[in-house]
Protein chains: 4
Amino acid sequence: MMNSFGHIFRVTTWGESHGPALGATVDGVPPGVKLEPEMLQHWLDRRKPGQNRFTTQRREPDAVKVLSGVYEGETTGTPVQLMIENTDQRSKDYGDIAEKFRPGHADITYWLKYGIRDPRGGGRSSARETAARVAAGGLAREVLKALAPGIEIRGYMTRMGAHGIDRSRFDWDEIERNPFWVPDAEAAKTWEGYLDGLRKAGSSVGAVCEVVVRGAPAGLGAPVYAKLDTDLAAAMMSINAVKGVEIGEGMAAAMLTGEENADEISMGPDGPVYSSNHAGGILGGISTGQDIVVRFAVKPTSSILTPRKTITRSGEPAEIVTKGRHDPCVGIRAVPVGEAMAACVVLDHLLLHRAQVGDGPRGQIG
Amino acid sequence: MMNSFGHIFRVTTWGESHGPALGATVDGVPPGVKLEPEMLQHWLDRRKPGQNRFTTQRREPDAVKVLSGVYEGETTGTPVQLMIENTDQRSKDYGDIAEKFRPGHADITYWLKYGIRDPRGGGRSSARETAARVAAGGLAREVLKALAPGIEIRGYMTRMGAHGIDRSRFDWDEIERNPFWVPDAEAAKTWEGYLDGLRKAGSSVGAVCEVVVRGAPAGLGAPVYAKLDTDLAAAMMSINAVKGVEIGEGMAAAMLTGEENADEISMGPDGPVYSSNHAGGILGGISTGQDIVVRFAVKPTSSILTPRKTITRSGEPAEIVTKGRHDPCVGIRAVPVGEAMAACVVLDHLLLHRAQVGDGPRGQIG
Amino acid sequence: MMNSFGHIFRVTTWGESHGPALGATVDGVPPGVKLEPEMLQHWLDRRKPGQNRFTTQRREPDAVKVLSGVYEGETTGTPVQLMIENTDQRSKDYGDIAEKFRPGHADITYWLKYGIRDPRGGGRSSARETAARVAAGGLAREVLKALAPGIEIRGYMTRMGAHGIDRSRFDWDEIERNPFWVPDAEAAKTWEGYLDGLRKAGSSVGAVCEVVVRGAPAGLGAPVYAKLDTDLAAAMMSINAVKGVEIGEGMAAAMLTGEENADEISMGPDGPVYSSNHAGGILGGISTGQDIVVRFAVKPTSSILTPRKTITRSGEPAEIVTKGRHDPCVGIRAVPVGEAMAACVVLDHLLLHRAQVGDGPRGQIG
Amino acid sequence: MMNSFGHIFRVTTWGESHGPALGATVDGVPPGVKLEPEMLQHWLDRRKPGQNRFTTQRREPDAVKVLSGVYEGETTGTPVQLMIENTDQRSKDYGDIAEKFRPGHADITYWLKYGIRDPRGGGRSSARETAARVAAGGLAREVLKALAPGIEIRGYMTRMGAHGIDRSRFDWDEIERNPFWVPDAEAAKTWEGYLDGLRKAGSSVGAVCEVVVRGAPAGLGAPVYAKLDTDLAAAMMSINAVKGVEIGEGMAAAMLTGEENADEISMGPDGPVYSSNHAGGILGGISTGQDIVVRFAVKPTSSILTPRKTITRSGEPAEIVTKGRHDPCVGIRAVPVGEAMAACVVLDHLLLHRAQVGDGPRGQIG
């Protein structure tokens, strides 16, 4: 259970950064859904390292193989095994960190917990694990396309370190035009210089990513402990380096009064319409039919060129500088990961709703 | 699975706000732990409504009965059923809301999802459900006391609407001295007047609660999808009205550089010592042994006296004013709930760690 | 997880033989299903002790209370808590067994495992726990009635100790006419004298029970590890005193050749028709649409008047005679329990199928 | 969840008979256990097809690759991916069965359920899936060796069609000397001629397999719904072609009286000693410390040369003869599979016990 998520659409990822391969075993896939490896590759390519100077220079094709669960281009209802072979595993880069614990990394906790750890590239705790999530998320998207067409899942960055975005300039099309998946062209420019500076200084910086699910039906979410927001929070918090998760208004909801926070309801031609979306599309753990908005903070990668104090496995004081190939802002590559997690959660809840209630929302208004 | 949480220490809550009773079925309880109902009652009394003018005036003794799993004052390893009978169920207060959907409440989503809802006091979506969590949390605390003595779990508020706390005045003892569980005596005074104003105006306001787990061993947390922070995020987000969850630095981590965020490590007399705790006691999903710090934002209760626009079940426009007995700041009573969830999660991970790895951390330093 | 079964329709039972109450917490109940306590009471009354001289003379009304999950006579989709209060708990009968382990009972294993046990009536290991299953099974039947009308689930005995039935005399109507739920009137007569003899001698005897599910659609069952037969086997083996489970031909399949065992297929007016049902209605873990046939053996109750050798808690040799109120053939009361488990499993798989595949079988023939 | 088993030691198998590969994703593996692929290969070789004239002539090396979860020859606590590539996939053999449903096979139920099926070699319903189980079972054995040395798990056949064994000739050493894993040398001879006859006639026959777990500690098993026998029953029933499962006395318990069935208890030098083992080492779902005895019946393979009546996908009547490479008695190769399942279940319960209760039985006698 430790490496699985989802109730019905259940994804188990496996593999280490520098092992022969990693992947996702996906159970609960509905049958009869068209699936070709290229459909998944499309999403993997968005997360793939080495695409521009702002992401790690590790060269991985991240080519996904579909080993099971598909027959003549359609899912069969049996588990889908998605495997990505590791090819560029320069373990020599990581010699030093076998003995020293990198501050802010999982080195020390894996060691304390298990008494053994694969130090090569962080082993299982490497963000490379998220490649498997993106593959599974691509599969979830194809299933959603078949079962609930019209759902759109899009992620972007809203903050990089000191710099946020200006929501009045929000432009969906801009997202694909810059290396930061940022929907604000001005911000993209500012961030470019800012991140170049950090990168050259061997530093790193945190980020905020936001994922919006548009077109999901009302009624998704299984209170009380498999609420849609609960599962989204878990999904996002499970991503490497994430330290905070928000739904809709998020932490800022604490500062509002009841009057300010209420999303008033009126009747539109196709059902209820809301005056605002402080709730982020979820009330009582169940989707309202509005945009589902989830946001998460990614801490700066702990691999930096400035020497940091640490200790060795034998408890001796030491200094460490991480010279490997790293992302100055891991938040960038967290965007497709957040999208993938959202796709998996939404699909899972669609199936769970179908199990308990049947197809579509059961209550009618009007 | 929808109303259960935990992997080994598994809590399933049941019951509605105005049904005959509500409770928690707790499976996976270790045997031989001393348990008397009063031990649980202590915690329930902290969450109990009607204790001061800042919480709902519903009068519920919230007396917990232990119906199973205990023999001669000790747990037997079989499921513990904790039941709380509802006594003050003035359903007449809620007549209006059977037909109209309260904005910001789960009324409309429960209706859309299930096609039926118990409107009395919000039914299952009422915060009254959290009484069962607090009972289960009390049980978790007793088990922790037996298995890992020295763990302390304490919650408090750090923000009420416009007003935060001043961490330089942080005082653990102050928490029990004011009605807000706030560790800052000055803040307590300010908040009192502030909330009185909101209460009299029939308004409400949001809050931020923080829970600290002190003394938990290193090594708790099961990567990749049952990370300690993942499960804490899910646990807190599942609490009514919570819209955001943070670990350690939280959303603010986005604004830091790698240099600022690094918690440097040195060797102390009892093991590793950290220069700071930006990580909130968790690295790679596993506890470091530092304080585990989790924070969550509670939105303002949506039940306010200002009329809000909504629709009826038949889709007609309507106005709604919620006249029932409500908390002007539900965040206050969320504090013991957050503590209870933290206790359950920490215990659950202690058991899960014991399953896979055995007693205590397995790796040694020095 | 230890006291729960089912994937979607998830039943957690709790309670001890001589505690204040026992019950079932049922999650995953579809909304909008009519439910009155009497519907459940009907099934409990069939299992209730003391109905004739062949079952324990403990006097329990086994009155079930529905504490949650139902509003105005309909399920709401939230957990249904079913509670049965214990009333006739003559603990004095059980004084002796607190110190001595009854051979064939769970006394010794509960002690070894947990280091504590509730000796009153066997505590959690008492067959009284099955009352909660029967209540949950009654609920499952009502849901099935709503979702898949036409499914009939009927149990009966096919063997009592030395005496089997003659299948050529099989008569469904006979089942309700005798105290043994046996579909063979001749057998009923023979068994009556036989069991009277055993009862008077303070002895006991084993039994075979069979449950048939008629009218279940093809397509239920989730290979590979949640096969319909896998889950039926687990469900039946979890019943107290059960030592064997068979599907269709069962253990006797070992003696057949491929030619004998083949259920040939032809096309009938409403779909495939089979020449026989050696498979017991399940192929590859999935229902064929034929009768689902599951059979289980119940060992003789270990509580007998003949003294048996045993040891005390301190390891001293001892003799034990169980004088309490017991069933000379627990198989009789296992029949409604087996039916209840079958109802839960079939419903659970109906919901699970609905989750992954949708309503009804997806493949067409012809 | 559909393709996973186990609570803590959780095995998810994936893959089809004629896909590129199949395997097992194993989560919950304790860290620090020595693991080399050869340790697993040993067990796979026992199940491997084509070893003698009594098993299918498909030539598969069944070479297992360990893709994750192991570092420098030791498990790390992260998921272990075990992959077996398919090499001898003569799909041409199976052309006919894409259109016709083989009686007794899962062809028709997979089709009805999913509306799509991989007909090549039975796809997911092929007994080839059990290779992944055997690999996982080999891993479980290594973990058991590390955590609870002294546990021995051995399987054998006790019946082939018309012919049983004579328990008075039972010889553990004989098991490895004949192609049937039968512990009775006389039986081995008889069976050889018997099966040669059936094989030449293109027929097939059923079998009974028995697995004994020796040396398991008392206290394993989590009542009420994760009893050790419940999980063993599920594990064995999930194996292809299994139609019945027995613990200890099994179905025959129905014919015993309480006096006959009682396993009397006395005190031996190392703890309780039992006069017999009708219970098969399990009381109340918990191990007693005696041999755990589980038995299962395997139906004759449905692939025979005698033409059988069936229908095509379009509902037309047809005859089918299965000419592929098949086992005349699949029970033979079910022996190592049953052992593997037993190993997984016992380990899983050891870990589950450790979670709830701690290391070793908690209660003392004497």
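The values are calculated or read from the model by the stated rules, or taken from the named source; none is laboratory data. Nothing here was measured: the structure is a model prediction, and the numbers come from that model. Heads up, the Cβs are rebuilt from the backbone with ideal geometry, glycines too, and the neighbour counts pull from every protein chain shown. Just the protein is used for accessible areas: all its heavy atoms, side chains included, with ligands, DNA and RNA removed. Shrake-Rupley method; radii C 1.70, N 1.55, O 1.52, S 1.80 Å.
Within the bounds of segment C:81-93, is there any residue that is within 14 Å of another protein chain (Cβ to nearest Cβ), in a strand (DSSP E or B), touching a residue at least 60 places away in the same chain (Cβ under 8 Å) and in contact with an Asp or Glu (Cβ under 8 Å, 6 or more places away or on another chain)? Scanning segment C:81-93, I find at least one residue that is within 14 Å of another protein chain (Cβ to nearest Cβ), in a strand (DSSP E or B), touching a residue at least 60 places away in the same chain (Cβ under 8 Å) and in contact with an Asp or Glu (Cβ under 8 Å, 6 or more places away or on another chain), so the answer is yes. Each residue in segment A:264-282 was checked for being open to solvent by 10 Å² or more (accessible area, probe 1.4 Å) and under 29 Å from B:Ala253 (Cβ atoms), and 3 of them qualify.
For first residues located in segment C:325-338 and in contact (Cβ under 8 Å) with a residue 24 or more places away in the chain, partners that are open to solvent by less than 10 Å² (accessible area, probe 1.4 Å) and among the basic types (Lys, Arg) and lie 6+ apart or on another chain with Cβ distances below 6 Å form the pairs C:Arg333/C:Arg47; C:Pro336/C:Arg47; C:Val337/C:Arg133. Can A:Glu246 be described as more than 24 Å from A:Leu350 (Cα to Cα) and of a type in the set (D, E, K, R)? The answer is no for A:Glu246. For segment A:261-284, the candidate set comprises residues that are touching a residue at least 24 places away in the same chain (Cβ under 8 Å) and hydrophobic (A, V, I, L, M, F, W, C); within that set, the residue that is nearest to B:Thr312 (Cα to Cα) is A:Met267.
Only residues that are more than 29 Å from A:Lys189 (Cα to Cα) and without any contact (Cβ under 8 Å) to a residue 40 or more places away in the chain were counted in segment A:52-64, giving 1.
Where residues in segment D:241-252 are on the phi < 0 side of the Ramachandran plot and buried (at least 24 other Cβ atoms within 10 Å of the Cβ), which of them is farthest from the other protein chains (Cβ to nearest Cβ)?
The first filter runs over segment D:241-252 and keeps only residues on the phi < 0 side of the Ramachandran plot, leaving D:242-247, D:249, D:251-252.
With the extra rule that they be buried (at least 24 other Cβ atoms within 10 Å of the Cβ), the set shrinks to D:242-247, D:249, D:251.
On the way: D:Val242: 8, D:Lys243: 4, D:Gly244: 4, D:Val245: 5, D:Glu246: 4, D:Ile247: 5, D:Glu249: 6, D:Met251: 4 Å.
Going through the qualifying residues, I end up with D:Val242.
Out of D:Ala318, D:Ala297, I need the residue that is open to solvent by less than 40 Å² (accessible area, probe 1.4 Å) and either within 22 Å of D:Leu198 (Cα to Cα) or facing chain C (nearest Cβ under 8 Å) (or both). Which one? Matching residue, one of D:Ala318, D:Ala297: D:Ala297.
Residue-wise test of (1) closer than 21 Å to A:Ile8 by Cβ; (2) under 18 Å from the mean Cα position of the chain (by Cα).
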position: D:Ser4; (1), (2): yes, yes
position: D:Thr13; (1), (2): yes, yes
position: D:His18; (1), (2): no, no
position: D:Val29; (1), (2): no, no
position: D:His42; (1), (2): no, yes
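Would you mind stating whether A:Pro49 is more than 14 Å from chain B (Cβ to nearest Cβ), surrounded by fewer than 19 Cβ atoms within 10 Å (Cβ to Cβ) and touching a residue at least 12 places away in the same chain (Cβ under 8 Å)? Spelling it out, it is not the case that A:Pro49 is more than 14 Å from chain B (Cβ to nearest Cβ), surrounded by fewer than 19 Cβ atoms within 10 Å (Cβ to Cβ) and touching a residue at least 12 places away in the same chain (Cβ under 8 Å).
When D:Val134 is tested against (1) among the β-branched types (Val, Ile, Thr); (2) over 13 Å from A:Thr76 (Cβ atoms); (3) without any contact (Cβ under 8 Å) to a residue 60 or more places away in the chain, only condition (3) is not met. Counted as qualifying within segment C:100-214 are the helices (runs of 4 or more DSSP H) with 2 or more residues that are open to solvent by 10 Å² or more (accessible area, probe 1.4 Å) and under 28 Å from C:Val80 (Cβ atoms), namely C:130-147. When segment A:283-316 is examined, which residues are found to be at pLDDT 95 or above and under 19 Å from the mean Cα position of the chain (by Cα)? Residues satisfying the conditions are A:Asp291, A:Ile292, A:Val293, A:Val294, A:Arg295, A:Phe296, A:Ala297, A:Val298, A:Lys299, A:Pro300.
Go through segment A:17-40 and report how many residues are in a helix (DSSP H, G or I) and either crowded, with 24+ Cβ neighbours inside 10 Å or without any contact (Cβ under 8 Å) to a residue 40 or more places away in the chain (or both).
3
Looking at B:Arg133, B:Arg167, just one residue is closer than 17 Å to B:Val294 by Cβ, within 17 Å of the chain's Cα centre (by Cα) and modelled with pLDDT of 95 or more, and that residue is B:Arg133.
Considering the conditions (1) more than 25 Å from D:Gly164 (Cα to Cα); (2) more than 19 Å from the chain's Cα centre (by Cα); (3) open to solvent by less than 10 Å² (accessible area, probe 1.4 Å), C:Met236 is excluded by exactly one of them, (2).
Of the listed requirements (1) crowded, with 22+ Cβ neighbours inside 10 Å; (2) within 22 Å of C:Arg120 (Cα to Cα), C:Leu67 misses just one: (2). Of the residues making up segment B:195-206, at least one is within 18 Å of B:Thr56 (Cβ to Cβ) and of a type in the set (Asp, Glu).
So, D:Gly289, is that one within 8 Å of another protein chain (Cβ to nearest Cβ) and open to solvent by less than 10 Å² (accessible area, probe 1.4 Å) or not? The answer is no for D:Gly289. If I ask for residues that are among the hydrophobic types (A, V, I, L, M, F, W, C) and open to solvent by 10 Å² or more (accessible area, probe 1.4 Å), which ones from segment A:215-233 would you list? Once the filter is applied, which keeps residues that are among the hydrophobic types (A, V, I, L, M, F, W, C) and open to solvent by 10 Å² or more (accessible area, probe 1.4 Å), segment A:215-233 yields only A:Ala218. Note on segment C:300-321: residues that are touching a Ser or Thr at 6+ places or on another chain (Cβ under 9 Å) and touching a residue at least 12 places away in the same chain (Cβ under 8 Å) amount to 15. Within the set B:Ile151, B:Ile175, the sole residue that is touching a residue at least 40 places away in the same chain (Cβ under 8 Å) and more than 10 Å from chain A (Cβ to nearest Cβ) turns out to be B:Ile151. Within segment D:2-26, the set of residues being of a type in the set (A, V, I, L, M, F, W, C), more than 23 Å from D:Arg354 (Cα to Cα) and within 13 Å of chain C (Cβ to nearest Cβ) comprises D:Met2, D:Trp14, D:Leu22, D:Ala24. With respect to being closer than 23 Å to D:Cys329 by Cα, more than 7 Å from every other protein chain (Cβ to nearest Cβ) and more than 28 Å from the chain's Cα centre (by Cα), C:Glu260 fits the description.
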